[in-house]
Amino acid sequence: MTVWNRRSGRHSRSPGRTEPRFEIHDFYELRDILREHFKVMI
């Protein structure tokens with residue numbers, strides 16, 4: 001699973017090797033994606 005973290009940072013404009021399946025702005029959004037799409041209990 002590839003996720004693009006849209007926050008600013010040193011690597012924020014660097015292209016990845018794979019297309020992101022999800023885009024997030026914070027780790028709370030990542031937690032929700034893991035819970036809803038992958039049934040990970042966090």
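The values are calculated or read from the model by the stated rules, or taken from the named source; none is laboratory data. Not measured: the values here are computed from a predicted model. Cβ placement follows ideal geometry from the backbone for every residue including glycine, while neighbour counts extend to all protein chains displayed. Ligands, DNA and RNA are excluded from the accessible area calculation, which covers all protein heavy atoms including side chains. Shrake-Rupley method; radii C 1.70, N 1.55, O 1.52, S 1.80 Å.
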- Out of segment 23-42, which residues are assigned to a helix (DSSP H, G or I), open to solvent by 100 Å² or more (accessible area, probe 1.4 Å) and either closer than 13 Å to Asn5 by Cα or among the aliphatic types (A, V, I, L, M) (or both)? Phe27, Tyr28
- Name the residues in segment 1-23 that are basic (Lys, Arg), closer than 24 Å to His37 by Cβ and at pLDDT below 85, would you? Arg6, Arg7
